[in-house]
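> Below: one structure in structure tokens.
The values are calculated or read from the model by the stated rules, or taken from the named source; none is laboratory data. Bear in mind the structure is a predicted one, so any value in this text is a computation, not a measurement. Cβ placement follows ideal geometry from the backbone for every residue including glycine, while neighbour counts extend to all protein chains displayed. Surface accessibility is based on the protein's heavy atoms, side chains included, excluding ligands, DNA and RNA. Shrake-Rupley method; radii C 1.70, N 1.55, O 1.52, S 1.80 Å.
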Amino acid sequence: MAGWFRRLLHKPKSSSVESLKSTHSASSSPSSSSSSSAKSSSSSPGTSLATSSISLSPVSAVDISASHSPRWDKSYDVCICHSEGDVELVSELVSYLEGQPESFRCFLQLRDAAPGGAVVTELCDAVQNSHCWVMLITPSFLQDPWCRYQMHQALAEAPMANGRTIPVLKDVDRKDYPRELRSIYYIYMALKEKSFRQIRDTVMRYLQELCQSSTKSME
């Protein structure tokens, strides 16, 4: 097993919310997320996915890490839903996201699930305690009933999507894209580095919009 992989799996859990708040409050506000592109799906659940891409409109810079940010209302920024066969790729994604200036808090099942905890409980808690959910849809994902279960839990938590559910396709034909997700735009992983940036930008955008909505509601 690669050394970086072992280090990630044995990495201590993310710092407490209070320490993260103080660390980020002392630094400058993170920059606005850049526009991200994703493959488009048909709005009709029964049809195949379209191949055109979309560009998201820019969101003004917001300090998602301020002490009063609604970001801290949940334990994790991102929950990565994946099969056991894709754990190495997922670990690379987690290392990338946690290494960003925003220090995104990721739930990695092999690392963060409570030893002795029931699988169903741990998967449900991970979904409920995360702002966004990345679905790494690979051939292994499609064959794993636990991946399907977690996907359905995420859709039940936020059925209108609104940027929280982020499907990422890798080595899967469009015709095999889960029917339950066909109203949601997806990212097609051709170049790993580009896809990682798109995932980061999508999570960042959701957190910025969450913070903006919270600010407006307090005015």
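> From the set of residues in the range 192-219 that are at pLDDT 95 or above and open to solvent by 70 Å² or more (accessible area, probe 1.4 Å), which is nearest to GLU157 (Cα to Cα)?
The selected residue is ARG197.
> Something else about it: Could you list all residues from the range 50-89 that are surrounded by 14 or more Cβ atoms within 10 Å (Cβ to Cβ), modelled with pLDDT of 90 or more and of a type in the set (D, E, K, R)?
Hits for the range 50-89 are ARG71, LYS74, ASP77, ASP86.
> List pairs: first in the range 145-162 and under 20 Å from GLY85 (Cα atoms), second surrounded by 15 or more Cβ atoms within 10 Å (Cβ to Cβ) and among the polar types (S, T, N, Q), Cβ under 9 Å, 6+ apart or cross-chain?
Filtered contacts from the range 145-162: TRP146/SER83; CYS147/SER83; CYS147/SER140; MET151/THR165.
> Among the helices (runs of 4 or more DSSP H) lying completely within the range 112-189, list those that include at least 3 residues that are out of contact with any Cys (no Cβ under 6 Å at 6 or more places or on another chain) and open to solvent by 70 Å² or more (accessible area, probe 1.4 Å).
Result: 145-157.
> Right, here's the next one. Give the residues of the range 92-108 that are in a loop (DSSP other than H, G, I, E, B), in contact (Cβ under 8 Å) with a residue 24 or more places away in the chain and out of contact with any Lys or Arg (no Cβ under 8 Å at 6 or more places or on another chain), sorted by residue number.
Scanning the range 92-108 gives PRO101, GLU102, SER103, ARG105, LEU108.
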